[in-house]
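Presented below is the structure to which this report refers.
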Amino acid sequence: MKLNWKAGAISALGVLAAAAAYAGAGGDADSPITNLFNEPVTPIAHTVRSYWIFVALITGVFLILPQIILFWCIAKFKDAPGRKPATFHENIKLEIFWTVIPILVLVVMAVPSYPIIKKIENPPPADMRIEIIGRQFLWEYRYPEFGDVRISDEPLVIPVDKTVVADCTSADVLHAWWVPAFGVKIDTVPGRLTQIWFNVEEQGWYKGQCAELCGSLHSQMYIDVRVVSQEEFEEWIIDRGGTIPAGNSLAQNS
Amino acid sequence: MSLLETPPPGSSAQPSKRPDFPETPHKAVRLPGGILGILSSTDHKVLGMLYLGLALIGAVFGGAFAGAIRAQLTSHDLEVLSPEFYNAMVTMHASVMIFVVIIPALAGFGNYLVPIMIGARDMAFPRLNAFSFWLLIPAGGLMAASFFVQGGAAAAGWTAYPPLSLKEYSGGPGVDMWILAVHLAGLSSITGAINFIVTVMNMRAPGMSLMKMPLFVWTWLVNAWLILIGTPVLSGAVTMVLLDRGFGTGFFKPALGGDPVLYQHLFWFYSHPAVYIMVLPAFGLISHALAAFSRKRIFGYTGMVWAVCAIGVLGFLVWGHHMFTAGISPELRLWFSFMTMVIAVPTGVKIWSWLATIWGGTIRFTVSMKFALAFISLFVIGGISGVWLANVPIDLQVHDSYFVVAHFHYVLVGGAVTGLFAGTYFYFPKMSGRFLSEKIGNAVFWLFILGMNLTFLPMHLVGVQGMARRIWQYREEFAAINHLISFGYLGMAASGALFIYSIIDALRKPKTCGNDPWGINDVQKSLVWDIPSPPPPYNFDKIPVLKGTASTGG
Ligand SMILES: [Cu+2]
Ligand SMILES: [Cu+2]
Ligand SMILES: [Cu+2]
């Protein structure tokens with residue numbers, strides 16, 4: 001409930017708080033909404049979340065101020081017998097002021113986004129690499145470093161606290177791999193490789209969804225990610241007929 | 001007070017010197033009446049009303065499609081529609097609302113008002129004008145007919161991204177028909193835009209310099225340039241899809257060396273400016289309503305003109321913000337991100353200038369004014385969420401989620417449609433000689449505003465929570481909020497029905513309006529309110545010659 005309230009406040013849309021409470025009440029413990037504000041679980045998600053709050057606070061001023069002035073005018077400047085309208089229709093200083101100030105604010109807001117884009121673009125050294133392939137209408141995952149284990153239409157399994165770099169592509173149309181709690185979304189484009197990375201801090205189930213219209217069952221391309229301990233992950237790989245490479249950075253770290 | 005002035009004999013601005021405009025009194029002119037007269041008319045006012053009528057019919061269909069979408073989404077696991085038909089509804093809702101409702105409605109106001117506002121008797125090319133309008137009928141007809149072909153209407157989204165829109169994944173002729181409809185609508189837009197540019201540049205009455213033109217004329221001039229530059233690129237892009245589908249080319253097929261992302265560049269080169277094409281003339285409409293009902297002149301006219309021009313230019317430099325997740329390079333992402341944020345500055349200038357316009361005025365809360373005031377409030381919300389989306393890190397999170405759906409509906413419904421309502425209530429007495437009922441209008445307004453916010457405000461929240469766009473079913477967590485959203489739709493639908501009733505009701509009453517039905521022209525000083533309601537054929541007996549004062553009202 002409290003977490004949903006936060007998302008509402010971030011949206012700076014008061015009416016939503018009620019809707020959020022209503023929605024939260026219907027929630028099911030087994031199906032948590034793993035959104036960026038409830039539970040950011042990767043370094044990117046944390047960064048994006050705080051940057052988003054920063055942007056929301058700054059833009060909040062420009063969201064609220066015009067509304068206040070508007071309602072002030074509505075309340076104050078009603079037509080009434082004997083009232084005369086003002087006759088001013090320009091004020092160069094005022095106009096320069098409301099052109100220049102927003103430019104400065106935008107610069108202040110936009111500059112910090114650059115290092116964040118860089119962080120998202122440039123993954124740190126990978127602990128493991130996987131491949132994500134979109135296909136009408138399921139997700140296929142491959143683990144080339146682990147005896148080329150391939151799974152499709154079942155949850156992606158990855159170890160906790162490891163930097164996972166994923167190369168993404170599509171076998172047919174455009175899809176988009178989106179897990180809100182990870183703070184990442186990437187289109188899978190046939191004929192192209194796109195890349196994302198995440199380092200999940202907490203074990204658990206994370207949910208997502210194909211975000212790019214990909215045909216009739218676009219809505220059914222759910223994404224589930226199981227984040228497990230290192231041991232559990234290795235067991236799972238072997239269970240699937242894979243191998244744990246000797247000297248693999250995963251093994252060294254654990 | 002009249003703006004019209006008989007020029008002194010021998011004056012260089014004497015209209016009789018212009019061979020185009022014989023000084024015959026045009027009050028005597030009778031246009032052919034009846035259905036045939038309307039169908040064969042090249043009169044800008046008749047065509048303007050035909051555009052508006054078409055938009056109203058289109059809105060009934062587009063609104064019904066939205067109703068089907070909301071019926072399916074009322075809860076998380078319904079099967080009201082098949083997934084294929086749901087996707088067709090999503091595609092056609094957008095296509096109809098854009099190509100048959102908003103763009104034609106703004107063209108309707110443009111056709112009707114621009115010649116009058118600049119003191120001309122018609123558009124520069126009246127027959128081309130009729131051609132532009134009548135192209136829209138087969139365009140709409142093709143979209144409607146595509147529901148009945150094998151495979152049904154196009155279901156690849158209004159964006160028609162390949163490979164989904166290619167033959168392998170959208171087999172039936174639906175997409176081909178959709179492409180041809182876009183061609184026809186595009187041709188209509190392009191010829192219309194040429195007509196507007198030529199009209200405004202060449203046919204202004206003596207004394208009406210560019211910087212004296214009413215803001216609505218300015219917004220349409222910039223708009224026409226956007227259409228002229230952008231639309232051919234869209235036509236080219238969908239033609240390439242058509243060739244890929246039927247003629248073995250591989251522009252967008254990776255297997256043949258093509259690139260699906262290229263299509264996105266071409267598509268958004270038109271379709272981002274299209275947002276301004278749908279909203280700039282609405283800016284113009286509300287500028288006039290706000291000034292008129294505050295009994296003031298528009299604040300910062302010069303700044304407003306430059307802001308519209310700046311929005312027009314910047315609008316072509318930002319298309320990539322629709323492609324932040326498509327794997328384009330970080331430098332490109334940064335460029336598109338910064339440029340998009342920069343657009344907030346001229347847009348802000350407009351918002352502040354509108355607020356300064358009503359500041360200190362004596363506000364009359366007519367229905368038109370209420371819609372114009374609501375426009376400011378709603379457009380600010382859509383603008384701010386746009387600034388969020390311009391930030392790459394935030395966009396990567398909410399791109400293709402319901403947050404985006406919320407954002408562009410605040411811009412297009414809260415902006416364009418609210419502006420169209422304001423314009424309709426404002427200019428209906430001029431066009432028809434009758435007032436729309438203010439009593440029914442108040443119900444239309446409140447149902448619309450409550451319904452609109454109940455529909456689109458909660459979409460921000462589900463979007464942030466992780467609900468993707470264009471999905472037919474969704475995770476159970478989002479069901480509660482979607483109940484509310486579907487409920488909000490009913491408010492908007494009721495508002496629309498009342499609005500149509502109100503128009504029919506008003507048209508059955510006798511014409512009672514004089515030249516200046518709102519009693520505003522002592523402040524507005526506009527040609528629109530200087531001639532009878534409705535204006536006679538060819539508008540002006542003599543081409544007006546403007547006195548030295550600015551005619552910036554509407
Ligand atoms: Cu998909
Ligand atoms: Cu999809
Ligand atoms: Cu855009």
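Data overview
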read-out: Top-ranked residue in the stretch A:212-224 [being without any contact (Cβ under 8 Å) to a residue 60 or more places away in the chain and near ligand 2 (Cβ under 7 Å from one of its atoms); ranked as surrounded by the fewest Cβ atoms within 10 Å (Cβ to Cβ)]; value: A:213
read-out: Which numbered condition residue B:373 fails, given (1) surrounded by 22 or more Cβ atoms within 10 Å (Cβ to Cβ); (2) not in a helix (DSSP H, G or I); value: (2)
read-out: Matching residues, the stretch A:192-216, being more than 16 Å from ligand 1 (Cβ to nearest atom) and more than 15 Å from residue A:157 (Cα to Cα); value: A:193, A:195
read-out: Residues located in the stretch A:148-187, provided they are in contact with a strand residue (DSSP E or B) (Cβ under 6 Å, 6 or more places away or on another chain), closer than 22 Å to residue A:119 by Cβ and facing chain B (nearest Cβ under 9 Å); value: A:168, A:176, A:178, A:179, A:181, A:184, A:185, A:186, A:187
read-out: Count of residues meeting criterion [assigned to a helix (DSSP H, G or I) and buried (at least 17 other Cβ atoms within 10 Å of the Cβ)] in the stretch B:198-214; value: 3
read-out: Among (1) within 16 Å of ligand 2 (Cβ to nearest atom); (2) touching a His at 6+ places or on another chain (Cβ under 9 Å); (3) not aromatic (Phe, Trp, Tyr) - the single one residue B:271 does not satisfy; value: (1)
read-out: Residue, nearest to the other protein chains (Cβ to nearest Cβ), within the stretch B:462-494, restricted to residues that are aromatic (Phe, Trp, Tyr), assigned to a helix (DSSP H, G or I) and in contact (Cβ under 8 Å) with a residue 60 or more places away in the chain; value: B:478
read-out: Any hit, the stretch B:287-307, residues being in a helix (DSSP H, G or I) and within 16 Å of ligand 3 (Cβ to nearest atom); value: no
read-out: Criterion violated by residue A:122 - all others in (1) within 22 Å of residue A:52 (Cβ to Cβ); (2) touching a strand residue (DSSP E or B) at 6+ places or on another chain (Cβ under 8 Å) satisfied; value: (2)
read-out: So residue A:163, is it surrounded by fewer than 24 Cβ atoms within 10 Å (Cβ to Cβ), of a type in the set (Ser, Thr, Tyr) and under 30 Å from residue B:257 (Cβ atoms); value: no
read-out: Test: residue in the stretch B:251-263 that is within 14 Å of chain A (Cβ to nearest Cβ) and within 16 Å of ligand 1 (Cβ to nearest atom); value: yes
read-out: Residue A:234 vs. criteria more than 16 Å from ligand 3 (Cβ to nearest atom), in a loop (DSSP other than H, G, I, E, B), out of contact with any helix residue (DSSP H, G or I) (no Cβ under 6 Å at 6 or more places or on another chain) and within 21 Å of residue A:165 (Cα to Cα); value: no
read-out: Meets criteria (crowded, with 22+ Cβ neighbours inside 10 Å and on the phi > 0 side of the Ramachandran plot) for residue B:466; value: yes
read-out: Any hit, the stretch B:314-326, residues being away from ligand 1 (no atom under 16 Å from the Cβ) and within 10 Å of chain A (Cβ to nearest Cβ); value: yes
read-out: Selection within the stretch B:327-342 - buried (at least 22 other Cβ atoms within 10 Å of the Cβ) and either within 16 Å of ligand 1 (Cβ to nearest atom) or not hydrophobic (A, V, I, L, M, F, W, C) (or both); value: B:333, B:337, B:340
read-out: Hits in the stretch A:167-185 - residues which are assigned to a strand (DSSP E or B), more than 12 Å from ligand 1 (Cβ to nearest atom) and either under 20 Å from residue A:39 (Cβ atoms) or aromatic (Phe, Trp, Tyr) (or both); value: A:179, A:184, A:185
read-out: Test: residue B:454 is of a type in the set (A, V, I, L, M), at pLDDT 95 or above and either surrounded by fewer than 23 Cβ atoms within 10 Å (Cβ to Cβ) or closer than 18 Å to residue B:105 by Cα (or both); value: yes
read-out: Scan of the stretch B:111-150 for residues that are surrounded by fewer than 20 Cβ atoms within 10 Å (Cβ to Cβ) and among the aromatic types (Phe, Trp, Tyr), ordered by number; value: B:125, B:131, B:134, B:147, B:148
read-out: Any hit, the stretch B:198-208, residues being modelled with pLDDT of 95 or more, in contact with a helix residue (DSSP H, G or I) (Cβ under 6 Å, 6 or more places away or on another chain) and not small (Gly, Ala, Ser); value: yes
read-out: Count of residues meeting criterion [polar (S, T, N, Q), within 20 Å of the chain's Cα centre (by Cα) and under 30 Å from residue B:166 (Cβ atoms)] in the stretch A:139-181; value: 1
read-out: Residue check for residue A:145: within 16 Å of ligand 2 (Cβ to nearest atom), more than 10 Å from chain B (Cβ to nearest Cβ) and at negative phi; value: no
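Rundown of residues vs (1) more than 17 Å from the chain's Cα centre (by Cα); (2) closer than 27 Å to residue B:86 by Cβ; (3) within 14 Å of chain B (Cβ to nearest Cβ), yes/no style:
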| site | (1), (2), (3) |
| --- | --- |
| A:120 | no, no, yes |
| A:131 | yes, no, no |
| A:137 | yes, yes, yes |
| A:198 | no, no, yes |
| A:201 | no, no, no |
| A:204 | yes, no, no |
| A:213 | yes, yes, yes |
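The values are calculated or read from the model by the stated rules, or taken from the named source; none is laboratory data. Since the model is a prediction, treat every value here as computed from it, not as a measurement. Note: ideal-geometry Cβ built from the backbone for every residue, glycine included; neighbour counts use all protein chains shown.
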